[in-house]
1. Exceeding 30 Å between C-alpha atoms, which entries from my cross-link table qualify? They are 136/174; 151/174; 19/151.
2. Order the peptides 4-14, 185-195, 103-113 from the highest to the lowest mean number of other Cβ atoms within 10 Å of their residues.
3. So what J values fall out for the range 184-195 if you push phi through Karplus, 6.51 cos²θ - 1.76 cosθ + 1.60 with θ = phi - 60°, rounded to Hz, Gly and Pro as x?
4. For the range 100-159, what class follows from the C-alpha gyration tensor (a ≥ b ≥ c being the square roots of its eigenvalues): rounded when a/c is under 1.5, otherwise prolate if a/b is larger than b/c, else oblate?
5. For the range 166-176, in order, what is each residue's ³J(HN,Hα) by Karplus, 6.51 cos²θ - 1.76 cosθ + 1.60 with θ = phi - 60°, in whole Hz (x at glycine and Pro)?
Amino acid sequence: MENYRMTLQEYLDKYGCLKSGMIAKSVLINKLEIYGFVNCSKEIYDNYNFRDVFQIVVNKSSTSQIIQSNYIYQVVNIEGRSEGIVSPIYNRLTTSENNIEVDIKQLYIPNLINNTTYKRIRSRYKDGNKPIQLTKFEQKTLEQYLEISIKEDKLMVVIHNGDVLCQNNDDTIKSIGEEILVVCRYIHDLTGNMCYTQYGLDELTIEIP
């Protein structure tokens, strides 16, 4: 008899942490190793159906996809045009237990990847460590997606208790969870090849002893 199973979302809600290397199961594949986590823009997910546009396809051309330990690079087709997309891969998700503030320069914010203000703030070459100066319009464009405050000339993002944090082994907060996808790998039963795929947190289960 199989031990009790819960979805990754249920596991995260209960235990507050998910890590790469954990073994999960999908409807069709009995053994999947969690390779990492991708934080996707909800806007892109809703408008373009993220899993269709950014699907990690088995045997996809190597010129169209590169998977490394800390990122995925893919050439995708969006509305008839080819575009190279780089998505960071994180090896841990944790649930914030406190209200804290983090410098926006430290955060990858998928909903703002095309926002000119966000890109200017994050640019090492243009801004460096200069004090943050925003117009009211620029501030409003950021506040559509997150809660911010300016302290000691730094633009701080407010993280709330219960928010999902994307991290690596150094414990640094890299991103705040928006639309999380789980990147998994497995051995193909017929070919013996290492294959990659991705799922939502509710599409995979994990065994609870």
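Rule-based calculations on the coordinates, nothing more; no lab input. Quick caveat, the model's predicted, so the values are computed rather than measured. All Cβ positions, even for glycine, are placed from backbone atoms using ideal geometry, and neighbour counts span all protein chains on display.
1. Numbers: 136/174 26 Å; 151/174 20 Å; 19/151 33 Å.
Where the Cα-Cα span goes over 30 Å, the pairs concerned are 19/151.
2. My ranking of the peptides, most packed first, is 103-113, 4-14, 185-195.
3. Per-residue couplings from phi come out as 10, 9, 7, 8, 5, 4, 8, 8, x, 7, 7, 10 Hz.
4. Details: a/c = 1.23, a/b = 1.08, b/c = 1.14.
Taking the square roots of the gyration eigenvalues as a ≥ b ≥ c, the range 100-159 is rounded.
5. The phi angles translate into 9, 9, 10, 5, 7, 6, 5, 6, 9, 6, 9 Hz.
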